[in-house]
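The values are calculated or read from the model by the stated rules, or taken from the named source; none is laboratory data. Everything numeric in this text was worked out from a predicted model, so none of it was measured. All Cβ positions, glycine included, derive from the backbone under ideal geometry; neighbour counts span all protein chains shown. With ligands, DNA and RNA removed, areas are computed over all heavy atoms of the protein, side chains included. Shrake-Rupley method; radii C 1.70, N 1.55, O 1.52, S 1.80 Å.
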Amino acid sequence: MKKSISFIFILSVFSCSAPQSDTNSLRLGYNSENSTVVQGVSLLGDTLTSRIDSTTQNDQIRELQEAESRYAENPSMENLIWIGRREAYLGRHDLAIRTFTKAIKEYPDAFEPLRHRGHRFVSVRKFDEAIEDFKKASKLMEGEEILIEEDGMPNKLNIPLSNVQFNVWYHLGLAHYLKGEWEKALDAYVECIKVSDNDDLIVATLDWYYMTLIKMGKKAEALESIAVVTPDMNIIENEAYHKRILMYKGELEPGRLLNVNSAEDDQKLQYVTQGYGLGNYYLSQGDTTMAERIFNNVIETGYWSAFGYIASEMELAKLRE
């Protein structure tokens, strides 16, 4: 699985000591030597690598440099987290995890860096470590007001839709789901729906909630859970989840879900997300041949950090047992 994002980059080495204001103490800088970095191993046993292309990802590299500069001027937790987020967007989950670990050590009572490190542990298939982070975060955020999370990759209206509490419960549910721990996943999604305060978050949570119930053989309860989803909901960015649920309800033909070009970078995530939902739909109908074909198509995209991709790995690994 050596398809992935491209790279020419070595950057940001953080110590675990207190933040420094000297920019030179924060980074080693960039070089022009191509480098492929191993990020982990897939659930199918394939090596996951990242390789950043300084030409096509120049804007993202610049944004990371700007985040580093802001941290040098103001070494706050928020600015440190943004460095980690920018590293992750470039496919360097290893660096992001290290950065978030630094933030966790420096701000042990904060739940935000745990939320982000847990997310990246999921990306590199370290589900147990992710679950531990999300559980710690859930305890630390008890009683806190909903905290809106700014987008690193803004939607078409540039309106932040998610909140940190949502992301903790959502990703905790996902980590349990990917381990096949259906009851625990369901418990997390029950909490997640409580902090899903707009239509985009509602469809994202209900989609995984529905699929979890289906895995548990509770089809009637699963269908009842998505009854609130309608075609006229105000969806800004989670169109893939919305379409998946409409398909589960019989209001959208399955074939329409993959009406996107998986070769286009801006449509690849949508293809992977909808592909897993469609494959899982056929799997629940007993059509393992079609399900396996779709899961393999998702794997062919090489978009290994996407949740639909990881879930497709999980399904294929089970089918091949």
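Is it fair to say residue 215 is more than 23 Å from residue 277 (Cα to Cα) and either open to solvent by 10 Å² or more (accessible area, probe 1.4 Å) or modelled with pLDDT of 95 or more (or both)?
Numbers: more than 23 Å from residue 277 (Cα to Cα): no; either open to solvent by 10 Å² or more (accessible area, probe 1.4 Å) or modelled with pLDDT of 95 or more (or both): yes.
Judged against the criteria, residue 215 is not a match.
Restricting 237, 181, 221 to those that are touching a helix residue (DSSP H, G or I) at 6+ places or on another chain (Cβ under 6 Å), without any contact (Cβ under 8 Å) to a residue 12 or more places away in the chain and either open to solvent by 30 Å² or more (accessible area, probe 1.4 Å) or within 20 Å of residue 312 (Cβ to Cβ) (or both) reduces the list to 221. Taking the conditions (1) open to solvent by less than 30 Å² (accessible area, probe 1.4 Å); (2) basic (Lys, Arg); (3) farther than 20 Å from residue 40 by Cα in turn, residue 136 satisfies each one other than (1). In summary, residue 80 fulfils each of the numbered conditions (1) touching an Asp or Glu at 6+ places or on another chain (Cβ under 9 Å); (2) open to solvent by 30 Å² or more (accessible area, probe 1.4 Å); (3) over 22 Å from residue 307 (Cβ atoms) with the single exception of condition (2).
Please work out if residue 227 is open to solvent by less than 10 Å² (accessible area, probe 1.4 Å) and at pLDDT 95 or above.
On the way: open to solvent by less than 10 Å² (accessible area, probe 1.4 Å): no; at pLDDT 95 or above: yes.
No; evaluated as a whole, the condition is false for this residue.
Every residue in segment 87-133 that is in a helix (DSSP H, G or I), open to solvent by less than 30 Å² (accessible area, probe 1.4 Å) and among the basic types (Lys, Arg), please. Matches in segment 87-133: 102, 115.
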